[in-house]
Structure formats: C-alpha cells, structure tokens
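**Q** Pasting a structure here, questions to come.
The values are calculated or read from the model by the stated rules, or taken from the named source; none is laboratory data. Since the structure is predicted, the reported quantities are computational estimates derived from the model, not experimental observations. No Cβ is skipped: glycine too gets one built from the backbone with ideal geometry, and neighbour counts run over all protein chains shown.
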Amino acid sequence: MGRRLLLLLATIGVLEAQQVVAPTPEQVGSARGDNVGDYNITQSFELGYRFKDVFGDEGMYRSAVDMGNGLRLLSSSFSINSKDGHGHYFDEITLNTIGLGNDNYQAAILRIQKNRLYRYDMTWRLNAYFVPGLTVAGGEHLEDTIRRIQDHDLTLLPQSHYRFHLGYSRNTENGPALTTAQEFDASGVGFPVFENVKRQWNEFRVGADLDFAGFRLTLQRRWDFYKDDTPLSSDGVQVSPEPGDQSVLQQFQRSQPVHGSNPGWLGNLFTKRRLWGVNARLTYNSGTGNFALDELALGIGMFGTAASRQIAVGGDANRPDLAGDFSVSLYPSERLTVVNNTSISSDRIDGQSSYTEADDGLDLGTTIYFRYLADRLVTNSTDVNYRVNDWFGIYGGYHYSDRLVSTIEGQGLPAFANSFSSSLYQVSNHENAGAVGLRLRPLKPLTINLDGEKGRASYPLTPISASDYHTINGRVMYRLKNLQLSTSYKQYYNLNPPMSFSNFSSHSRSYNANASWTPRSWFALDASYSKQHLDTLDGLAFFSALTPLSASQLQTGFSSLYISNIHSGNMGVRLALGKRADLYAGYTITKDTGDGRSAAAPPGATPLQTLLDSVQTFPLTYHSPLARLSIRIAPKIRWNAGWQYYDYAEQFNLLGYDQNFHAHIGYTSVLWSF
Amino acid sequence: MIVSMARAAILVTTLPILWACGAAWAQNQAVAGSSATPPAPAAPGFVGSNACKTCHPDIFLNFYKNAHYKSIASGKEPPERTGCEGCHGPGQAHVAARGGKSTIPHAFSLMQPKQVLDTCLGCHANDFNRANIRRSEHTLNGIACTSCHSIHHSPTPKYLLAKQQRDLCYSCHGNIRAQFDMPSKHRVNEGFMECSDCHNPHGAFAPTWGMGQKPRMIEQALGNEDACLKCHVDKRGPFVYEHPSVAIEGCEICHTPHGSMNAKLLRRPVVFTLCLECHNGGGSGTRNQGVDIQSARHNLLDPKFQFCTACHVRIHGSNADEYFLR
C-alpha cells in the first residue's frame, strides 16, 4: 500500500512539472535498496545522448533553450544510510546530480552526516549563460559565459544545545562577451568591443547557535570578497553604421578592475513560549569596492578628423548597511495569533571617484566626484490571524512604512582651490496599507482563500512605483487523493498621481486553472491554463527631431501604452503500458496575443507615432510538444528515448530583427540502478 | 582585513572543532552499545515505536532513512520527543483501541493548520529561517507544514518534501508556473535553480528595498539585499554612481523575476520605453525635481538612441560615469 502510494505521489509529481524532455523521471529498481553490512544503499544512473537540430536564429535558441549535442550523465542518485543510526564515520550520504558531462545546466547536491556529530551540505551548479545580440541592445550585446556556483555548509553538533557552523560559497563567471563603448563624440554610436569576463566572488562564514533558558542565540560572522578583472579590447576596426557619421574606432583597450569585500555580522535571538514568542535580529555589513579604470581609444571622429581619448579613473565606494527586525507574537488562545513586526534598515552608499580625461592630446584635467545615497526605511506591521471555527478563518493586517532617501552630489576640481561644491536632496515617502483575508473549508477537500490589500504611498520614488494600489487574490482548491482541481485569480492595480508629464497607471490580472487526475496507477492527466493580462499607460517626455535635418525638440504629447495578454496552456498525459513501458506526451504553449492588432503600427502614421505604436504590444507564440518512452528491459534497467520540439515565433519583427527559430531536441538513454 | 579575518577564523573554527570532537567522543561513549531499537518508555501513555512497528511496518522499515529517525537513534530524547510518539503523541489509547485515527492524539490529517504548525514547531521553532513563519503568507492562508512536507512518503532527498520542490510550488502557484514556460526565464524547470534559492516558504524578514514589507517571502542575500544579488554579484556594488531606482526599489523595477516574453526578463520588449517611463521628468526621483529627462542631444527617431544600453552599458551602477557610460 505504501509503495503504491509512493508511486502515485511520484506520478503526480512528474506530471506537475513543466516538461523538459530529459532526464527521465521514471524510477527503476527497488526503492528499498540493498543492504551492505549496517548500511543500506540505493543508487541509479541515467547515461544518455542528446541531439538537437535548430532552424532559424540559433542565438535566440541558445537564449531560450540551449540544449546541445553530446553524451551526458543525465541524472544520478546515490544514497547510503546507516540502519541503526550509529554509523562509524557517517550515517547518511546522499548525492544527486543532473546534466553532468556537457549539459548547459548541471547540478550536484551532496549531504553527508553523522547523527549528533556533523552535517555537511554541498551544492554545486553550472550554467552556460548565452545572450545573443538582442534587439534590446541593437544586436550588439552578446554573452557566452559560464557561471559556476558552489555552497558548502558544515554544522558541528547539529543536535546539541550549541552548534557551530562553517560555510563557504563561491560564484564565478568567465567567458567572452561583446559589449559597446561610446567614444569620441557625445552623440556618437556605441562601438562593439570585446570583453573577457572574469568575475569571482568568495564568501566565508563562521557561526554558532546557543540554546539557553528557552532562548536561541544565533551569531554569524561572514566575509566575502569580490573581484572583477574583466578587460575590454578592440573587436577589430569598427566603423560607425550611421549615415553621415565618419567615426571609426581603430584601437581600443580598457582595464577596469574592481576589488571589493562585504564583511558582516548577524545576530538573532529567538524564543517561543506557550503564549508568546519573540524574535530579534540585527545585521551589519560594511561593503567596500576599490576600482581603477584605464582606457585608451584611437580613431576618427564624427567629422572625419583624427581622434583620441584617454581616461583614467580611480577611487572607492563604501556601503555600511544596518538592518534590524523585532517581532512579538502572541497566542492568547488556540484560535488567535497576533504578530507585530518592526523593521529598520539604514543603507548608506558613498563613493569618491577621481576622473581624468585627455581628448586629442588635450588634458581636460581631473575632477573629483562624490556621491552619497542613503536609504533609511522603517516599517511596522501587525497581522492578526483568527480561526472562527473549523471551517472558517479570517486574518487582517496593517502595514506602515516610512522611507527617507537622501542624496548628496558633490564635485571639485583639484586644480582650483575651494572649487568643491555639493547639493543635498531628500525624499520622504510614507505608505499605509491594510490587508484582509478569509479562508473557508466548507468540505474537507475544498479550500477557498480570498484576500485583498489597499495601500497608498505619499511620495513614491519613481513614476511607476507603487502609489495608490490595491490587490485582490482568490483561490479555490479541491483536493482528493487522485484528483486535484484549483483555480485562482490575482489582480494588481496601481495608479500614480499626475506629476509633470507623467500619469502612470497599470492593471495586471491573472487567471489560472489547474487539474491533475490520476484515476488509475497506469494513467494520469495534468492540465493547466493561465491568462495574464497587463496594461500600462504612462506619460512620456523625450527629444526627437520631427524631420531628419531639424533639431531635436522636447516631445510631451505622447504616451507609452503597453498591452500584453498572455495565454499559457500546459497538458501532459502519462500512460503505463503493461508493467514494462511508460509513455508520456505533453504540450506547452505560451501565446501573447497583444491587443489583437494585425500590424505593428497602422499605416499612414507619422514616423514617431509609428515607432511608439510598434512597441505597444509584442505578440509572440512559443510552444513545445514532447513525447517520451521509457521501457523497463530488466528489473533494474530502463531504456528511454524522447523528443521535444520548440517553436518561437514573433508576429512582428521587433525593430526589424528576425529572431524566430524552431528546434528539434531528442535524447536516448539507459537508466539503471545497482 | 585578511589578517583579522584569518585570526578570527582560526579562533572561531579551531575551538569549536576541538570542542565538537570532545563532545562527540563523549556522546559516542554514551550511546555505544545502545541499540537502535528503542526501549519501551516508562512515561505514562507512551508505548514506544516498537509497538507502532507491529501494525505499520511499511512506514517503520524505511524510517531509518528519515531525518526524524535521529530521535530514536539518539536514545537520549524523552518519550514525547522520540520516534512515532514524538510527533503523534502517546500511543497507548491507539493501541488499546486496536487502531483508528481518532485515538491518535496528533493525527495530522485531522488537525487544523495551526495545530499542525504548533506540533512541528515544538521541535523546529528555533531555526533561524523559520523565525517569521507565524506571519508568513502561507500561514495566514492556512498552509500548514504537511501541505508541503510528507514525513513518511517523501520522494526528495532533502527536507522531506511531498514532491519535487518546483512541482510542489507549481501545484498552488499556477500563474508562476506559466511564467517559467516563457522564452526568457530563470532555469528552474531545467533543474539549475529552485524556488527556495530566492524564496523562503516559511516567511521572510522584511525586505530592505521595498515599501510595505513587500515583496514578501523573499529569501534575502546575506547583506539584506535583493535575492537576485546572491548570483548576480556583479550588480551588487557599492558603486559611486548607483542607479537609484535599482538600489532603492530593487531589480523588479525593470525586470520580472520568474519569466518574461521579453529578452533579459525585461518588463518591456524594448529598452527605450522602459527607460522613458521613469525618465520623463515625472515623479519625485532622488533630486526632488523629477527623474531626469533624457538629454536634448538624443533624437528618438535615430535608431542608436532607441537602444539606450548600447551606450549606457553600466546601467546597474558605475564607478566612472554618472550616466553609466563606462
């Protein structure tokens, strides 16, 4: 019975995931494993070959999918457990991996522990990150880097009243990229330049927990070090593509190392008693970044004369950051919980930069810049949660935030005494928000949740920040052992008051329905549909020349309208054919129908209106059917094969770029346990 | 800095390790010879896990792989914190009645969410990452521990989850699942990331970058920063020239974190509308007089000015240029 239930749960789990064709989720071998001495061992490996066939824009394929050809250890799972909990060196080792070998998404998760003595957790991940020359960057910004992330945590005496923690994390990014450098003329083009990305971040952690008199005190000290030693250099001789612009970038090199650290402290005190609980946390971090920049560009300026530019920058930036939280929880009765939380944070960033520039051999001198940006935030929230009876509960909350943003901008010319000047600006914003919700459970399998929030901010920082907003959420869920139905609705409206040229409003609504049905152990069906609507309207102010030869003028009569209507569907069917084979077929489609227009911009509009109309909506269809067959050829061996198709189709080629692609992805593998 | 770090690290690491080794030796001496089979407890009402094994062998035979087996292996925990009765309460009445859910003091399938929470927090309350569970969105909406965790039938290697983590989250958050179907997305479905890389399902501390304690349930980076900066460390700064909207309002001011139909998880298909919606002179901005309007040198009809980040390459923050050009 238990095993059947386990299979049933696993089956439902398989179906609810968004499908990626491999690795194969079907299990092989005994879940109980094999006994060796005082240990039990379970392990399985899936070794396979992936292949791909891409048509159209391969860069966009790599950005969206990025599965390649080759042999892979698609997945593996290994666990060894001590049967009596008194292993000599360890009681448990678990190791799970995906994609090892050559996949662009690889991960390994390891845990080793011995009861009462230690627990070690490790996570290692690799992501081959590819960004094609995207439309958003004029087709020029490209990245082909590899990011590796690892985390190590060791806890000593995990079951004791005093525990010690050691940790280490590392994050590196390396690889080639293309970026742009704007040179010679203030209105010149950004020339493509080569970037050799070299970034590295290391963090070390030491901490302890101490239990005493019903309290737990947690202390942690951490240090992290960041290095960015990415150099930039010429990507060959670059000529401006602009008609009438004679700019040429002949030589270019830039070094811009940044080395920084963020040492910090964390302290937390917690207690929970029968009628009350308290949690207090305080953190302090002092980030620093030391930098230098050395740049040389040689070429021809916009008007055909020789041009050179040398820039040298040096300085440092600092960010002391203090944050604290204090929560008091009250449980006056079995039915009532009241929690009050007060949080403060103070984030101060100050930086000084010495900037020296020489253009065409003319030394423009050195300027010392100083910037200070401080953000002080105090929030207080009270949440009350009350269960009226077994099937009805309500909750409500009031949240208050007070934020002060201070800016000091200063600059001085060392060549001139007493030239330093500065300006101070302060922005204060207060937000009041109230939330109320209810939950109903009229029948055991049926739950209904409704909630809403209304908030108002006095002086939001940006024209699109939350100002006068409300949210409404609703969810209905019906759960039986072999049937799950759910539907939800979510709404977020925000309206910003008119200010200068701006009058921002946004409305987002999402509707969702899901069904999972497993009537038999050999058949399961999973389906979902979601619609997400977004419309925003904002006043615009920008400069534009209405005719090619005229000067740019301020344009204020236009607005930025954006309408998105995204329909998403997902369906999967799993069939167990006899006791030997499992067949899975799935289909996913995501379609933004935009506002229903048939052309990006109506004919006959002015060039400016045509440009703005063409980015008001972005109709796009992205869909992917897949099929997978898994056959048990021996009690502990399965053979698997799968195929997945991706089709990405923009209806209007945004800003003239065609990025559409379609691709076939396949794999075949052997999964065995021993 | 390095020297002080090394000195502190040596002190803080060596002493605990020595202490831990000593304590572990002592503990091993104490438990040496003890059997994993729990003795029948003397406390009233408790019958011991052996009694449960008689009727529930399917659960008990694999229970040594369960994290809660530590309570049995320890041999030191009191009966109310040991094995089956550590969670389900004293079993004498259940045994006497020869079974039945109603005779189990803590039958989780019959309990209210708050009762489930209280029972689990009896042992797990003190963990730092659950400090805000009482006011988390999940708790307020009646999501109890057993809504996500399956103590006896978990298919996951860690945390005893009822399903693989993403499936578990998707089962309620279908709209988020749809966002991960989009062409530009974080690689959760591919297995590179998990929801808990950015979220704390047990409730989080108030974010330092959002008003009204929003966004909620976000697991902050250790410097109390936006969770994005855990991986995207190059965007972290500090910079001499911060992009104030990013530093104060967080990454979501321009990006949608789960998935987007637009490149680079942007809120708009092209950059210039994204920039101009703020840089239109409206709103307060950090200089009181509105967010800077774009330069008069720019002609939006000229294609090079439509790709703002082609020149303003350091849009997340710069040390050399207040306009983020380098």
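**Q** Answer yes or no: is there a residue in region A:187-197 that is under 20 Å from the mean Cα position of the chain (by Cα) and either among the charged types (D, E, K, R) or modelled with pLDDT of 95 or more (or both).
**A** No - not one qualifying residue is present in region A:187-197.
**Q** Consider A:Ile394 carefully, then state whether it is more than 31 Å from the chain's Cα centre (by Cα) and aliphatic (A, V, I, L, M).
**A** So A:Ile394 passes the test.
**Q** Can you tell me which of A:Asp383, A:Asp321 is within 7 Å of chain B (Cβ to nearest Cβ), of a type in the set (Asp, Glu) and over 22 Å from A:Ala457 (Cα atoms)?
**A** Unique residue meeting the criteria: A:Asp321.
**Q** Condition first: in a loop (DSSP other than H, G, I, E, B) and buried (at least 19 other Cβ atoms within 10 Å of the Cβ). Now tell me which residues in region A:164-191 satisfy that.
**A** Once the filter is applied, which keeps residues that are in a loop (DSSP other than H, G, I, E, B) and buried (at least 19 other Cβ atoms within 10 Å of the Cβ), region A:164-191 yields A:Glu183, A:Phe184, A:Gly188, A:Val189.
**Q** Another question about this same structure. Looking for something of a type outside the set (S, T, N, Q), closer than 20 Å to B:Gly48 by Cβ and modelled with pLDDT of 90 or more - is there at least one such residue anywhere in region B:135-152?
**A** Yes, region B:135-152 contains a residue that is of a type outside the set (S, T, N, Q), closer than 20 Å to B:Gly48 by Cβ and modelled with pLDDT of 90 or more.
**Q** So is A:Asn262 surrounded by fewer than 16 Cβ atoms within 10 Å (Cβ to Cβ), within 24 Å of the chain's Cα centre (by Cα) and touching a residue at least 24 places away in the same chain (Cβ under 8 Å) or not?
**A** For A:Asn262, the condition - surrounded by fewer than 16 Cβ atoms within 10 Å (Cβ to Cβ), within 24 Å of the chain's Cα centre (by Cα) and touching a residue at least 24 places away in the same chain (Cβ under 8 Å) - is not met.
**Q** Next question. Being crowded, with 16+ Cβ neighbours inside 10 Å, within 30 Å of B:Tyr241 (Cα to Cα) and either facing chain B (nearest Cβ under 8 Å) or aliphatic (A, V, I, L, M) (or both), is that true of even one residue in region A:471-492?
**A** No, the conditions are met nowhere in region A:471-492.
**Q** Looking at region A:529-547, which of its residues are touching a helix residue (DSSP H, G or I) at 6+ places or on another chain (Cβ under 8 Å), assigned to a strand (DSSP E or B) and more than 7 Å from every other protein chain (Cβ to nearest Cβ)?
**A** A:Thr536
**Q** Then there's this: Which condition from (1) in a strand (DSSP E or B); (2) farther than 30 Å from B:Arg326 by Cβ is the one that A:Gln159 breaks?
**A** (1)
**Q** Which numbered condition trips up B:Lys264, out of (1) among the basic types (Lys, Arg); (2) more than 9 Å from chain A (Cβ to nearest Cβ); (3) in a helix (DSSP H, G or I)?
**A** In the conditions (1) among the basic types (Lys, Arg); (2) more than 9 Å from chain A (Cβ to nearest Cβ); (3) in a helix (DSSP H, G or I), B:Lys264 misses (2) alone.
**Q** Check A:Thr588, A:Thr621, A:Thr617 and return the single one that is within 14 Å of another protein chain (Cβ to nearest Cβ), β-branched (Val, Ile, Thr) and within 30 Å of A:Gln555 (Cα to Cα).
**A** Answer to the selection: A:Thr617.
**Q** Next question. Hey, among A:Arg170, A:Arg116, A:Arg148, which residue is over 30 Å from A:Ser240 (Cα atoms), among the charged types (D, E, K, R), within 10 Å of chain B (Cβ to nearest Cβ) and touching a residue at least 12 places away in the same chain (Cβ under 8 Å)?
**A** A:Arg116
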